[in-house]
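A.B. asks: I have a structure I would like to understand better, so I am pasting it below and will then ask my questions one at a time.
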Amino acid sequence: MRYGILLKKIKRAAFDCVFLLAILAGLLTVVIALPVEADAALPEFFDAELRNSAERAEFLNDGLQWMPVRLGTTVARALHLQEGGAAWASYQAVHRDAMATFSSRKSEHGPDLDFIPDLARNFYQLWQAENRLRWFFIRDTGLGLLVIGKGVMIAGWLPFSLWKKHRAKRSQIRRASSRLAVTRDQHLDFSLPQANPVGTRLYQQAQQKGFLSPLTERILACFAASPDHPASLQDHLNLPGGLIEHTARTIEAIAKLAENRPDEERTLSLLMALCHDLGKLFAYERMETQWIDRRLAHDRLSALMVASLPELYAGLSSTHREALILALRYYHNQEELPTMAPPMSYTLLEIMHKADAIAYEQEKQLGQQQVEGVKPFLWEAFCRAVPQLNINRYRGGYPEGFTSGEMVFVLEHALRERTLNQLSEELQQKLPIRRPSGRLHPAWPLLVDVLKEKNLLVEQVKGRKTNPSALFNITASGTTYKCVVALSLDVLAALFPEAVAQWTQCPPYQVQIAGGRYGE
């Protein structure tokens, strides 16, 4: 702290010295440059500077009486800050001293060089006093304008906030009197692709359950035009044709739940089961060989698609139409269902959620059985996939694995995808289209079991164990790779000598274990 104060004093003294030297140099230059005949040039120069300084100071002092500045002075007084009046009195005293020094030393016979240092000191003090006046003027002006601006903002914001509250209140009144939600639905810009549904699984099911109608046939035609559509892109029938499979299972479940209900309610429930995932036909889009999620609310799409069909208005009463559309629209947001919705909407939502849960559990078990049915064919697929792996970048491009010592580290997604691609088309249809987001592919644990049985899997490297999914995180030549499986290089060399020979011809990577990715 003391060193800081001392440093400030040294800086201030250095600044004062430089300023005085500059003034002295300027005055000496003026004196030397004056011609011999201009005896009175130096006194006139000093006299003019004193008058100009006085005029500037009076202007600043008059400015302190300006309304915003006076308001700022009041704020400064409330904050216990120094006021400008003391600066004005100090300036007047310094100006009088400078005038007295100049008047007493002024010579009529020529420039008197002896009085220049005293006058330079007075001019420096005068400059300081004048700058203090400027500071108070600027400070008080800023404080005053800040207070005025704050007042203007408050005066402008108050009526705006009152208007905003009034508008929100009117909006609530309008919303309470409406049967439909005020929130805007997804904009639809599409045409409904259709195909002849006769003979399809859903058509036969509708005939058997007794709810076939012109409206049902139009909806079935939409499903018939997309026979390979998945039910989801996660773990819920993530398979070609999964949407039709899920819809059929839901219809079966809801038929049992509604078998003792009145005929109209039973028919409407079956129609709800048929339409509840219709919007997925547009929520998921096929791009070449991959499916992408368009991030659309499929329940809204289902409601709007059904509402666009002319057969809806000829086959159902107005009450049943409204109940069905609202149940479809708010299927995944039941808490947003308007309070004035028909009671049938609540009935449809309740029975539909039960049927959907039953179908989901059945599909989950069936999906696991289908994936496990692929296990006997994984070893042959693995043997065909290993020579295609781009280990050590021996084929150029992006590396899919690295040799290091007695091991080969292979990226999980590369090994899994190349292995599953070697399965027959019939077996691939039993597997998910893609792995669920944030999870491993369901077939990966089966492949790990096969690798363990063949003594290929390495589960401990340099004292570091794999995670439960048999995966490491590694750093290879400065680059981090997650989800990597370690395989025995000796066992691979015995099984695939040509492939391993090609890998080892390339420079190996410096591999370090960084730990497993998943902690479960």
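The values are calculated or read from the model by the stated rules, or taken from the named source; none is laboratory data. The shown structure was predicted, so the numbers you read here are calculated from the model rather than taken from an experiment. Please note: Cβ atoms are built from the backbone with ideal geometry, for glycine as well, and neighbour counts cover all protein chains shown.
A.B. asks: Quick check: is even one residue across the range 376-389 modelled with pLDDT of 90 or more, closer than 30 Å to CYS506 by Cα and outside any helix (DSSP H, G or I)?
C.D. replies: Yes: one or more hits.
A.B. asks: Return yes or no: is LEU423 at pLDDT 85 or above, within 26 Å of LYS375 (Cβ to Cβ), aliphatic (A, V, I, L, M) and under 35 Å from the mean Cα position of the chain (by Cα)?
C.D. replies: Values: at pLDDT 85 or above: yes; within 26 Å of LYS375 (Cβ to Cβ): yes; aliphatic (A, V, I, L, M): yes; under 35 Å from the mean Cα position of the chain (by Cα): no.
Judged against the criteria, LEU423 is not a match.
A.B. asks: So, one more: Tell me which of these ALA514 doesn't satisfy, since it passes every other one: (1) at pLDDT below 85; (2) part of a helix (DSSP H, G or I); (3) of a type in the set (A, V, I, L, M, F, W, C).
C.D. replies: Only one criterion is unmet by ALA514, namely (2).
A.B. asks: Here is a check on your reading of the model: is GLU285 surrounded by fewer than 22 Cβ atoms within 10 Å (Cβ to Cβ) and over 19 Å from ARG300 (Cβ atoms)? Spell out how you get there, then give the answer.
C.D. replies: Numbers: surrounded by fewer than 22 Cβ atoms within 10 Å (Cβ to Cβ): yes; over 19 Å from ARG300 (Cβ atoms): no.
Spelling it out, it is not the case that GLU285 is surrounded by fewer than 22 Cβ atoms within 10 Å (Cβ to Cβ) and over 19 Å from ARG300 (Cβ atoms).
A.B. asks: Which numbered condition trips up LYS354, out of (1) touching a helix residue (DSSP H, G or I) at 6+ places or on another chain (Cβ under 7 Å); (2) among the charged types (D, E, K, R); (3) under 25 Å from THR419 (Cβ atoms)?
C.D. replies: Condition not satisfied by LYS354: (3).
This table checks each residue for (1) surrounded by 21 or more Cβ atoms within 10 Å (Cβ to Cβ); (2) not charged (D, E, K, R).
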{"site": "VAL408", "(1), (2)": "yes, yes"}
{"site": "GLU425", "(1), (2)": "no, no"}
{"site": "LEU457", "(1), (2)": "no, yes"}
{"site": "LYS462", "(1), (2)": "no, no"}
{"site": "ALA470", "(1), (2)": "yes, yes"}
{"site": "THR479", "(1), (2)": "no, yes"}
{"site": "SER488", "(1), (2)": "no, yes"}
{"site": "PHE496", "(1), (2)": "no, yes"}
{"site": "THR504", "(1), (2)": "no, yes"}
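A.B. asks: Does the range 261-270 include one or more residues that are out of contact with any Cys (no Cβ under 8 Å at 6 or more places or on another chain), free of Cβ contacts under 8 Å to residues at least 40 places away in the same chain and farther than 21 Å from GLN208 by Cα?
C.D. replies: Within the range 261-270, not a single residue is out of contact with any Cys (no Cβ under 8 Å at 6 or more places or on another chain), free of Cβ contacts under 8 Å to residues at least 40 places away in the same chain and farther than 21 Å from GLN208 by Cα.
A.B. asks: Considering the range 409-427 alone, what residues qualify as being of a type in the set (Val, Ile, Thr) and in a strand (DSSP E or B)? Lay out the reasoning, then the answer.
C.D. replies: Quick first cut of the range 409-427, residues of a type in the set (Val, Ile, Thr) only: 410, 419.
VAL410 - this is the single residue of the range 409-427 that is of a type in the set (Val, Ile, Thr) and in a strand (DSSP E or B).
A.B. asks: Filter the range 325-341 down to residues that are in a helix (DSSP H, G or I) and modelled with pLDDT of 90 or more and give me whichever is surrounded by the fewest Cβ atoms within 10 Å (Cβ to Cβ).
C.D. replies: Of the residues in the range 325-341, the ones in a helix (DSSP H, G or I) are 325-329, 334-336.
Filter once more, so that each one left must be modelled with pLDDT of 90 or more: 325-329.
Details: ILE325: 21, LEU326: 24, ALA327: 30, LEU328: 29, ARG329: 26.
Among those residues, the one meeting the criterion is ILE325.
A.B. asks: May I pose another question? Within the range 349-371, can you find the residues that are of a type in the set (Gly, Ala, Ser), out of contact with any Pro (no Cβ under 8 Å at 6 or more places or on another chain) and surrounded by 14 or more Cβ atoms within 10 Å (Cβ to Cβ)? I'd like the intermediate steps shown before the answer.
C.D. replies: First, pick out the residues of the range 349-371 that are of a type in the set (Gly, Ala, Ser): 355, 357, 359, 367.
Adding the requirement that they be out of contact with any Pro (no Cβ under 8 Å at 6 or more places or on another chain) leaves 355, 357, 359.
Scanning the range 349-371 gives ALA355, ALA359.
A.B. asks: Working only within the range 391-408, note down all residues that are part of a loop (DSSP other than H, G, I, E, B) and either touching a residue at least 12 places away in the same chain (Cβ under 8 Å) or more than 39 Å from the chain's Cα centre (by Cα) (or both).
C.D. replies: Looking only at the range 391-408, we keep the residues that are part of a loop (DSSP other than H, G, I, E, B), and these are 392-400, 405-406.
Within the range 391-408, ASN392, ARG393, TYR394, PRO399, GLU400, GLY405, GLU406 meet the criteria.
A quick yes/no check of all residues on (1) part of a helix (DSSP H, G or I); (2) in contact with a Ser or Thr (Cβ under 8 Å, 6 or more places away or on another chain); (3) in the same structural domain as TYR394 (by TED's automatic domain parsing); (4) among the basic types (Lys, Arg):
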| position | (1), (2), (3), (4) |
| --- | --- |
| PRO445 | yes, yes, yes, no |
| ASP449 | yes, no, yes, no |
| LYS452 | yes, no, yes, yes |
| SER469 | no, no, yes, no |
| ILE474 | no, yes, yes, no |
| THR480 | no, no, yes, no |
| VAL484 | no, no, yes, no |
| LEU492 | yes, no, yes, no |
| PRO507 | no, no, yes, no |
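A.B. asks: Name the single residue that is nearest to the chain's Cα centre (by Cα) among those in the range 280-295 being of a type in the set (Asp, Glu) and under 11 Å from LEU233 (Cα atoms). Talk me through it step by step, then tell me what you get.
C.D. replies: Just the residues of the range 280-295 that are of a type in the set (Asp, Glu), to begin with: 285, 288, 293.
Checking which are under 11 Å from LEU233 (Cα atoms) leaves us with 285, 293.
Values: GLU285: 24, ASP293: 18 Å.
Among those that are of a type in the set (Asp, Glu) and under 11 Å from LEU233 (Cα atoms), it is ASP293.
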